[in-house]
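K.L.:
To start, I am sharing the structure in question, which I have written as structure tokens.
Where a number appears in this text, it was derived from the coordinates with a stated rule and is not lab data. What you see is a predicted model; the values in this text were computed from it and never measured. Using ideal geometry, Cβ is built from the backbone for each residue, glycine included, and neighbour counts are taken over all protein chains shown.
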Amino acid sequence: MEKALSSHSKHHKAATVAVASRPRSGDRRGSINLRIEADTRQLIDEAAAILGKTRTEFMLESARRQAVDVLLDQRLFALGPERYDAFLHALDNPPPPGPKLAALMRRVPAWQK
């Protein structure tokens, strides 16, 4: 099975990523094929060489690190003891619904019409 993702922007050229998946038996590896500009490839190759890594190693480690950062940014936050207690208090004692929320809750949902 193959999935193709495409993104377009006013300021960037279209980028296409093809992800090939294999059957779930045995090897769980897949491949990602990228089309990149020559100068970007050269930049990646130079950075990988400085670290003594292959292009693939460098790109996989960089992409994985970025993915973890993005996910943690959306799921994890740290608070000191006082702010943590205030956070829990706010969760346990929400403000009463305002007029807009109350009106919304009185409306019949679209799927029940």
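K.L.:
Just flag the chymotrypsin sites (Phe, Trp or Tyr not before Pro) in the stretch 40-85 sitting in loop per DSSP whose Cβ has no more than 10 other Cβ atoms within 10 Å.
P.N.:
Taking the stretch 40-85 and a limit of 10 other Cβ atoms within 10 Å, the loop chymotrypsin sites (Phe, Trp or Tyr not before Pro) found are Phe77.
K.L.:
Another question, then. What's the exposure ranking of Arg83, Arg75, going from fewest to most Cβ atoms within 10 Å?
P.N.:
The order, fewest Cβ neighbours first, is Arg75, Arg83.
K.L.:
For Leu60 and Ala90, what is the calculated FRET efficiency with R₀ set at 41 Å and r taken between the beta-carbons, to the nearest 0.05?
P.N.:
So, using R0 = 41 Å, E works out to roughly 0.50.
K.L.:
What ranking do 41-53, 95-107 get when scored by the average of other Cβ atoms within 10 Å per residue, highest first?
P.N.:
Sorting 41-53, 95-107 by mean packing, highest first, produces 41-53, 95-107.
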